Amino acid sequence: MASRETVKRAEQLVERAMKGNDASHDSWHVWRVRDLALSLAREEGLSSNPHSMEIVELAALLHDIGDYKYLRDPSEEKLVENFLEEEGIDESKKTKILSIIKGMGFKDELAGLGNPELSLEFGLVQDADRLDAIGAIGIARCFTFGGNRNRVLHDPAIKPRSDLSKEQYMKSEEQTTVNHFHEKLLKLKDLMKTKAGQRRAEKRHKFMEEYLKEFYEEWDGRA
């Protein structure tokens, strides 16, 4: 894994850069993704490859810095690249880390712009990020983000959008929080790139389905 000094400074950068974000995309989200990514990496047999483990850990730690949803200043887009240069990360590792971060978003997959290499390291970090978007924590994060953006909780008259383009997905037009489950979260299980990610996604996906069934029954006064 990455040197402890570099990891510590990366953690400090995360805390500085993401301070003020709502709890759906705060430093706790990053710590969970890092822990998940390393755990998945061990399941996939990467623990004996320190080069790959360093790439996974740093990409997981830095993946949400400069997220377009929270961008406050254009200079934030260069924070990760500058950090890796300052830390003296060699060019091949730096390129892989930046490539993972750039290509892992759902919006990019909608546009067919996901990571072209589909390296194991890429799959591990993306799967970890997506696992944190589903299941019990994923539900909590979804409603936290929706509340922060003043979205309607649910409106039966507003149907989930199908066949979303990248541009449609990124638009901040009125959309309900519950529709986000259908437009994105329930699709993530089938988009997992690693066997380890697929195994863990099954349970979390099922939990979301059971939750939504109960939600709709309660909404309609049937429960």
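The values are calculated or read from the model by the stated rules, or taken from the named source; none is laboratory data. From a predicted model like this one, the values you see are computed outputs, not experimental measurements. Protein only, heavy atoms only, side chains kept; ligands, DNA and RNA dropped before computing areas. Shrake-Rupley method; radii C 1.70, N 1.55, O 1.52, S 1.80 Å.
For the reader, a short list of remarks on this structure follows.
- Some residue of the stretch 36-46 being closer than 26 Å to PHE143 by Cα, part of a loop (DSSP other than H, G, I, E, B) and within 18 Å of the chain's Cα centre (by Cα): no
- GLU76 at pLDDT below 90, acidic (Asp, Glu) and open to solvent by 20 Å² or more (accessible area, probe 1.4 Å): yes
- Taken over the stretch 18-33, the criterion of being of a type in the set (A, V, I, L, M) and outside any helix (DSSP H, G or I) is satisfied by MET18 alone.
- Qualifying positions in the stretch 17-46 - modelled with pLDDT under 95 and open to solvent by 30 Å² or more (accessible area, probe 1.4 Å): LYS19, GLY20
- Some residue of the stretch 210-223 being acidic (Asp, Glu), outside any helix (DSSP H, G or I) and at pLDDT 95 or above: yes
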